[in-house]
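Reading through the structure tokens given below for one structure.
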Amino acid sequence: MTSFGEFIARRRKQLNLTQKQVAAGIKQDDGKPISVQYLNDIEHGRRGAPPDYVIAQLAKLLHLQLDVLYFRSGRLPPDIRKRAASDQQVAAAYRALRQELRRPKKS
């Protein structure tokens, strides 16, 4: 499976965006844009998946579904992370995900 960084880089290139353009569109908590080096580090796997607020901005900027980016990051979305779930619910959710992933890809 493609890593989070590789996935972001591929999508950025599909949209003909430079790292500089993407970095300028992603704001930190203080309102300043992330650095090009930070984005480069993410794309090349030198950093793990970024904080939730960066993932949300990347999804919007790169026209991706937020849930897809959370899946690619290996993390649960905040709304799911905060929910109480029984062991049975968690097991059922993973069974459903596995079943969906076994289905043939749509063109």
Hey, can you tell me all the residues within segment 18-50 that are out of contact with any helix residue (DSSP H, G or I) (no Cβ under 8 Å at 6 or more places or on another chain) and aliphatic (A, V, I, L, M)?
ALA24
Tell me, which helices (runs of 4 or more DSSP H) lie completely within segment 5-89 with 2 or more residues that are open to solvent by less than 60 Å² (accessible area, probe 1.4 Å)?
19-25, 36-43, 52-61, 66-73
Can you tell me which residue in segment 14-50 is nearest to the chain's Cα centre (by Cα), limited to those that are within 16 Å of ARG72 (Cβ to Cβ) and not hydrophobic (A, V, I, L, M, F, W, C)?
PRO50
Taking interchain pairs and intrachain pairs at least six residues apart, which have beta carbon atoms under 8 angstrom, with the first residue in segment 75-104 and under 23 Å from SER3 (Cβ atoms) and the second surrounded by 10 or more Cβ atoms within 10 Å (Cβ to Cβ) and modelled with pLDDT of 95 or more?
LEU76/TYR70; PRO77/LEU66; PRO77/ASP67; PRO77/TYR70; PRO78/ASP52
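The values are calculated or read from the model by the stated rules, or taken from the named source; none is laboratory data. The structure displayed is predicted, hence computed values, not measured ones. For neighbour counting, all protein chains shown are included, and Cβ atoms are generated from backbone atoms with ideal geometry for every residue, glycine included. Ligands, DNA and RNA are stripped out before the accessible areas are found, and what is left, the full protein with its side chains, is counted by its heavy atoms. Shrake-Rupley method; radii C 1.70, N 1.55, O 1.52, S 1.80 Å.
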